[in-house]
Each structure stands twice: as structure tokens, then as C-alpha cells.
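Okay, structure first, notes after.
Read-outs: derived from the displayed coordinates by stated rules, not from any lab. What you see is a predicted model; the values in this text were computed from it and never measured. Note that each Cβ is placed from the backbone with ideal geometry, even for glycine, and that neighbours are counted across all protein chains shown.
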Amino acid sequence: MTNNGSNINTQRGASGLVMLVMVLFFGSLLTLLLKLGPAYADDYTIQEALEGLDGTKGLSAMGPAEVRSLINKRLSVNNVRTLSAESITVDKDGDRVLIAVDYEVRSPVISNIDAVMHFKHVYDMSGQ
């Protein structure tokens with residue numbers, strides 16, 4: 001009779017230690033995803049809101065304060081609270097409007113360990 005590996009005594013699986021290491025590793029990845037994911041989702045929403053300003057009627061005629069107010073309205077509709085007004089810079093150059101967004105988000109990971117994410121975007125737009 002030949003032994004083709006079907007004997008229950010010769011079959012082996014992952015040890016308890018390997019399983020524990022795998023659970024800790026994937027648990028850590030899941031924790032990082034849950035902690036860092038919302039900041040990246042907010043940044044994506046901010047990008048979409050600012051790109052949606054391109055082609056807005058009267059954008060080139062608005063002053064920097066009016067453009068900043070329009071941006072804040074769009075962000076509050078999308079429930080973005082991580083961006084402060086000081087992080088948005090609006091410059092006018094003739095009919096062009098230059099919008100720069102530069103901000104960072106700190107997210108606590110574990111105890112006294114924080115993750116810092118820095119986002120910077122520049123948009124060159126013209127209104128109609």
C-alpha cells in the first residue's frame with residue numbers, strides 16, 4: 001500500500017503562532033484603513049468640489065472672498081469639516097482664478113501615535 005498523503009497524521013496546517021501573527025497583521029491593516037480612509041475620502045470630496053467650480057458663471061468676476069465663500073458652501077453641503085478657511089488661497093490673474101489648497105490631517109492611530117497626512121492641490125480656473 002502506498003502513502004499518497006491522505007493519512008491524517010501526515011497532514012499539517014498552519015500552527016497557532018502563524019495564525020496569531022496573521023490575525024495581528026491583518027487586524028493592523030484594517031485599523032490603519034479605518035483610521036486613514038476618511039481623510040482620503042474627504043480629500044477626494046474636496047477635489048471634486050473644487051473641480052466643479054471650473055466653468056461657474058461669474059467666477060472670474062468674483063472677488064477672493066466670494067470664491068472662498070462659494071467653496072465653503074460646497075464643502076459644507078458635502079459635510080467636509082476637516083478643511084479650514086486658512087488652508088484655501090484664492091488669487092486672481094485677469095479672468096483666471098488660481099485656487100491653492102494646502103492642509104494636513106492628523107489622525108490618532110494607537111495611544112500616542114498619530115498619522116499625519118498632507119494634501120496639496122492647485123487649480124487654475126476661468127469663469128464664464
**OP:** Tell me which of these ASN79 doesn't satisfy, since it passes every other one: (1) more than 14 Å from PHE119 (Cβ to Cβ); (2) surrounded by 11 or more Cβ atoms within 10 Å (Cβ to Cβ).
**Re:** (2)
**OP:** Look through LEU75, LEU70, LEU50, LEU83 and report the one residue that is of a type in the set (A, V, I, L, M, F, W, C) and assigned to a loop (DSSP other than H, G, I, E, B).
**Re:** LEU83
**OP:** Would you check which residues across segment 27-74 are over 16 Å from ILE88 (Cα atoms) and polar (S, T, N, Q) and list them?
**Re:** SER28, THR31, THR56, SER60
**OP:** Go through (1) part of a loop (DSSP other than H, G, I, E, B); (2) in contact with an Asp or Glu (Cβ under 9 Å, 6 or more places away or on another chain) one by one and return the number of the condition PHE119 breaks.
**Re:** (1)
**OP:** Could you give me the residue pairs with C-beta distances under 6 Å whose first residue belongs to segment 106-122 and is surrounded by 10 or more Cβ atoms within 10 Å (Cβ to Cβ), whose second residue is basic (Lys, Arg) and not in a strand (DSSP E or B) wherever it lies, and which are 6+ apart or on separate chains?
**Re:** SER107/LYS35; VAL109/LYS35
